[in-house]
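Rule-based calculations on the coordinates, nothing more; no lab input. Computed from a predicted model, the values in this text were never measured in an experiment. Quick reminder, even Gly has a Cβ in these numbers, built from the backbone with ideal geometry, and neighbours come from all protein chains shown.
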Amino acid sequence: MQDKVTFEYAIIRLVPKVEREEFFNIGVILFSKRKKFLDIKYHINADKLKALAPELELEILNNYLNAWKLICEGKVAGGKIGEFEISDRFRWLAACRSTIIQSSKTHPGLCDEPEKDLNDIFDKYVL
């Protein structure tokens with residue numbers, strides 16, 4: 001227990017028709033300050049997308065999520081947001097928004113290996 005550190009995560013949702021408030025989970029973003037870890041894992045189920053919003057293009061949505069990945073990495077390709085401190089990048093990504101790609105409220109946890117927890121949460125809530 002002493003080796004465990006705190007982390008926060010948010011579920012990424014696709015809300016094809018914001019006015020109807022219907023969504024399905026497409027990813028997870030996880031942040032651990034002590035481990036200096038920020039990463040995102042995502043997958044859009046093409047069948048669900050086609051059923052709920054056939055007018056949306058999978059490639060465009062994946063491009064947006066890839067931009068989130070670049071922000072997590074904190075590299076120049078992540079733009080101005082990617083230059084923020086790691087905690088500020090997480091707060092920006094997990095902020096409440098009214099677009100078709102949204103984040104849940106953040107949830108806390110304890111972990112040894114944040115990447116393992118990211119994968120576990122992804123498997124549980126997205127796949």
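Condition check ((1) out of contact with any Cys (no Cβ under 8 Å at 6 or more places or on another chain); (2) more than 30 Å from S87 (Cβ to Cβ); (3) not aromatic (F, W, Y)) across all residues:
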{"residue": "I29", "(1), (2), (3)": "no, no, yes"}
{"residue": "D39", "(1), (2), (3)": "no, no, yes"}
{"residue": "P54", "(1), (2), (3)": "yes, yes, yes"}
{"residue": "E57", "(1), (2), (3)": "yes, yes, yes"}
{"residue": "L61", "(1), (2), (3)": "yes, no, yes"}
{"residue": "N66", "(1), (2), (3)": "yes, no, yes"}
Taking the stated definitions as given, is K41 within 24 Å of P108 (Cβ to Cβ) and touching a helix residue (DSSP H, G or I) at 6+ places or on another chain (Cβ under 9 Å)?
-> yes
Is there any pair with a first residue in region 85-102 that is in contact (Cβ under 8 Å) with a residue 40 or more places away in the chain and a second that is buried (at least 18 other Cβ atoms within 10 Å of the Cβ) and in a loop (DSSP other than H, G, I, E, B) whose Cβ atoms are under 8 Å apart and which are 6 or more apart or on different chains, and what are they?
-> T99/V15; I100/V15; I100/P16; I101/V15; Q102/V15; Q102/F23
Give the residues of region 91-112 that are part of a loop (DSSP other than H, G, I, E, B) and either surrounded by 12 or more Cβ atoms within 10 Å (Cβ to Cβ) or touching a Cys at 6+ places or on another chain (Cβ under 7 Å) (or both), sorted by residue number.
-> A94, R97, I100, S104, T106
Among residues of region 81-90 being out of contact with any helix residue (DSSP H, G or I) (no Cβ under 6 Å at 6 or more places or on another chain) and within 17 Å of L118 (Cβ to Cβ), the residue surrounded by the most Cβ atoms within 10 Å (Cβ to Cβ) is F90
Output for region 5-33, where each listed residue is out of contact with any Gly (no Cβ under 9 Å at 6 or more places or on another chain) and charged (D, E, K, R) | K17, E19, R20, E21, E22, K33
Please identify the pairs in which a residue from region 1-27 that is among the aromatic types (F, W, Y) has its Cβ atom under 6 Å from the Cβ atom of a residue that is part of a loop (DSSP other than H, G, I, E, B) and surrounded by 13 or more Cβ atoms within 10 Å (Cβ to Cβ), counting only partners at least 6 apart or on another chain.
-> F23/V15
Hey, V76 hits all of (1) surrounded by 15 or more Cβ atoms within 10 Å (Cβ to Cβ); (2) over 20 Å from D117 (Cβ atoms) but one; which does it fall short on?
-> (1)
